[in-house]
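The values are calculated or read from the model by the stated rules, or taken from the named source; none is laboratory data. Model, not experiment: these values are computed from the prediction. As a convention, Cβ positions derive from the backbone with ideal geometry for all residues, glycine included, and neighbour counts pool all protein chains shown. Note: areas computed on protein heavy atoms with side chains; ligands, DNA, RNA excluded. Shrake-Rupley method; radii C 1.70, N 1.55, O 1.52, S 1.80 Å.
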Amino acid sequence: MQDEEIFFVGEAYSIAKNQSRGSEDAYFITEKGVGVSDGVGSWSKYGIDCALFSGTLMKECSKFI
């Protein structure tokens, strides 16, 4: 039995619900994996920047893969 390499080919984009604030969602694609974070817009009423949270989460997760 031969070892076979598996390749992931993908693209992604995010569309902001509110064009003035940017997207609350984030993602990453690397050679080793992918990640998706769906920002929770209702957190903004508690003073949380949802775009910053989801973006930072995906940046940190991509470092661990």
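First compute the accessible area of the chain with a 1.4 Å probe, then give the percent of it belonging to carbon and sulfur atoms.
55
If packing is taken as the mean number of other Cβ atoms within 10 Å per residue, what is the order of 3-9, 57-63, 35-41, highest first?
35-41, 57-63, 3-9
Counting heavy atoms of the protein chains only and a 1.4 Å probe, report the per residue accessible area for the chain as a whole number of Å².
89
Which peptide among 26-34, 42-50 comes first, and what is the full order, when sorted by highest mean count of other Cβ atoms within 10 Å?
By packing density, highest mean first, the sequence is 26-34, 42-50.
List the lysines whose Cα sits under 27 Å from the Cα of LYS32, skipping any in the same chain fewer than 8 residues away.
Answer for LYS32, where 27 Å is the Cα cut-off: LYS59, LYS63, listed by chain and number.
Expressed as an acute angle from 0 to 90° and rounded to the nearest 10, what is the orientation of the C-alpha long axis of helix 50-64 relative to the principal long axis of the chain?
Between helix and principal axis, roughly 20 degrees.
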